[in-house]
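The values are calculated or read from the model by the stated rules, or taken from the named source; none is laboratory data. These figures come from a predicted structure and were not determined experimentally. Counting neighbours? That spans all protein chains shown, and the Cβs are built from the backbone with ideal geometry, glycine included.
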Amino acid sequence: MQSDITQKNLIRKYINQDCSPEELEDMKKLMLLPGTQQLFDEVLAESWTGLVQEKDIDQPILNERLKDFYQRLETEEGSALRKTNSEQTVIRKIKRRNYLQYAAVLALFIFSFATYSLLKFKKTPVQGLAVLRQVVNANGQRSTVTLPDNSEVFLGAGSKLVFPDKFAAGSREVKLEGEAFFQVTKNPKRPFIIHTGNVQTRVLGTSFKIEAFKNRPITVAVATGKVRVDEYTGHLVKSLAILTPGQQVTCLMGNAIISKTVIDNVKAWKDGRLVFNKRTLQDITAELERWYDVKIIYKNKAKAEEELSVVLQASVPLRKIMEVLSATGHFHYKINEKNITIN
């Protein structure tokens, strides 16, 4: 009789599509034995499996592996049913229920490593699988979100946060589109991972700000603790930066620029203090459009490209903001309800 170690190795090979024809037959027999589900659970709970390579397989691939796993199960099921008699068909139906139980465990395991990958893959709900929640802020709206581990997220205007109602045992993963300030509860055994496109930010317990708007550079600025930033492209993982307090990284097209930042400015963002250092007027007004839900139009396009440094307090009325900005940038403006024209 095969030992647990041998059986686990067979399960790993089956999940990773490395079984020989003889091993596939052994796998079918193993599926009928009592205790096999427990072996599946143990294999899927390990830090190494066929789904997660030592070099950190990129998260979208996990989604493809899950779909492939289901497809292989369904293909084998159909093939077996066509070849067997009625008695064997009854047995296979029992096996099919076991298969689906294992697939459910697999889905839960992948969810613990890549919350956002499951957003793209629709499958029949599995009992026990965490429910995904979503907070969406329109322009002009901000919110504070408390996560299941009591971490706090100060979500900016025009931004979206997706997270499970219960974090997995081995990690805490969320997806961000837009900008937010994170105050992460420390837990060395459960890393906190933020997915922003193909860039991942990984921490254990710290505070930092992320800006990740579509078609814009991704910026990560650290206030406390240590932060690791990686880029995932296909099967490749590229380390972009390991940041400490007072550092930030700007990521664009695989390039990463690390620079210094003022810690107080990073923290103050959540309270509406906007600090711009040698930024174009276009960049500054784009942020004001999100914060105040307005449209800012330039009559002189060259004006939009001028750089300036300014500190704005977005908790005050927009008119006061524009007074400060126009005095700093030397321009005139006109407000017409939600439309602002800069001359």
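Would it be correct to say that D165 is closer than 24 Å to D283 by Cα and exposed (fewer than 14 other Cβ atoms within 10 Å of the Cβ)?
Here the answer is no, as D165 does not meet what is asked.
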Yes/no for F154 being assigned to a strand (DSSP E or B) and outside the structural domain of A286 (by TED's automatic domain parsing): yes
The conditions are (1) in the same structural domain as V162 (by TED's automatic domain parsing); (2) in contact with a Ser or Thr (Cβ under 8 Å, 6 or more places away or on another chain); (3) under 28 Å from T328 (Cβ atoms); (4) at pLDDT below 95, and R216 fails exactly one of them. Which is it? (2)
Picking from F182, F154, which residue would you name as being under 18 Å from K270 (Cβ atoms) and either modelled with pLDDT under 90 or within 14 Å of the chain's Cα centre (by Cα) (or both)? F182
If I filter segment 202-212 down to residues being modelled with pLDDT under 95 and among the hydrophobic types (A, V, I, L, M, F, W, C), which single residue comes out as nearest to the chain's Cα centre (by Cα)? V203
So which residues in segment 236-264 are under 17 Å from G205 (Cα atoms), in a strand (DSSP E or B) and of a type in the set (V, I, T), if there are any at all? I242
Across segment 262-285, which residue is surrounded by the most Cβ atoms within 10 Å (Cβ to Cβ) among those that are touching a Ser or Thr at 6+ places or on another chain (Cβ under 9 Å) and not charged (D, E, K, R)? V266
Selection over segment 267-300 where residues are part of a helix (DSSP H, G or I) and among the β-branched types (V, I, T) yields a count of 2
Answer yes if at least one residue in segment 234-254 is surrounded by 12 or more Cβ atoms within 10 Å (Cβ to Cβ), more than 30 Å from H195 (Cα to Cα) and at pLDDT 95 or above, and no otherwise. no
Across (1) part of a helix (DSSP H, G or I); (2) under 21 Å from G178 (Cα atoms); (3) without any contact (Cβ under 8 Å) to a residue 60 or more places away in the chain, R319 clears everything bar (2)
If you scan segment 260-301, which residues turn out to be within 20 Å of N336 (Cα to Cα), among the hydrophobic types (A, V, I, L, M, F, W, C) and under 28 Å from the mean Cα position of the chain (by Cα)? I284, A286, L288, W291
What single numbered condition from (1) under 27 Å from E289 (Cβ atoms); (2) surrounded by 16 or more Cβ atoms within 10 Å (Cβ to Cβ); (3) touching a Cys at 6+ places or on another chain (Cβ under 9 Å); (4) not charged (D, E, K, R) fails to hold for I257? (2)
